[in-house]
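J.: For reference, the structure I am asking about is given below.
The values are calculated or read from the model by the stated rules, or taken from the named source; none is laboratory data. Note that the coordinates shown come from a computational prediction; the quantities given were computed from them, not determined experimentally. Using ideal geometry, Cβ is built from the backbone for each residue, glycine included, and neighbour counts are taken over all protein chains shown.
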Amino acid sequence: MTKRVIFKIIILAVGFAAALFIYRALFVSGEPSEPPGVEATSARPSGAPVDDEFLRLLDRLEDIELDAEAVFNHPVWDSLVNFRRALVSEPAGRKNPFAPPGFDAGETATTSTSATTTRGR
C-alpha cells in the first residue's frame, strides 16, 4: 500500500471515531431512562396513619354534608343572574360537506328522508 492510501485510511478512521464520539455525547447518555420529575416512592402499608396534609384534608372532606334545600333556598342563590343568550337558528351548511367547493353552489341545505345514490347499477 502506498502512503497516500494509508493516510486516507487513517483520516477515515479518525473521522469515524470523532463521529462516534459526537453521537455518543449527544444521543446516548448514562442517566437512567426514567422521565424527568418522576421519583420512585415506597408504598405505605394499608394500616399506616395518614401523615400527608393532603390526605388529611381528604379525610376531612368525607365528613362534610350538604343540605341541598338549604343551598337552593338561600338568598344568595336567589340573587344569581342568568346571563344566557338565546340561540338563533342558522342554516345547517351544505347538502354534501365532502363535495368540492362550488359543486353545489346553487343548492340550499335541506333535510330529506330519502336516500339517493349516484352509483351506476
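J.: Output the residues belonging to the range 40-79 that are β-branched (Val, Ile, Thr) and either at pLDDT 85 or above or touching a helix residue (DSSP H, G or I) at 6+ places or on another chain (Cβ under 8 Å) (or both). Working first, answer last.
T.: Looking only at the range 40-79, we keep the residues that are β-branched (Val, Ile, Thr), and these are 41, 50, 64, 71, 76.
The answer is 50, 71, 76.
J.: Identify, please: which residue in the range 103-121 is within 37 Å of the chain's Cα centre (by Cα) and surrounded by 10 or more Cβ atoms within 10 Å (Cβ to Cβ) and is, among those, modelled with the lowest pLDDT? Please lay out each step first, then the result.
T.: First, pick out the residues of the range 103-121 that are within 37 Å of the chain's Cα centre (by Cα): 103-104, 109-111.
Going one step further and asking which of them are surrounded by 10 or more Cβ atoms within 10 Å (Cβ to Cβ), we end up with 103-104, 109.
Numbers: 103: 77, 104: 68, 109: 51.
The residue in question is 109.
J.: Quick check on this structure: which one of 100, 35 is at pLDDT 65 or above and loosely packed, with under 10 Cβ neighbours inside 10 Å? So that I can check it myself, show each step before the final result.
T.: Numbers: 35 fails: at pLDDT 65 or above.
Of the residues listed, the single one that is at pLDDT 65 or above and loosely packed, with under 10 Cβ neighbours inside 10 Å is 100.
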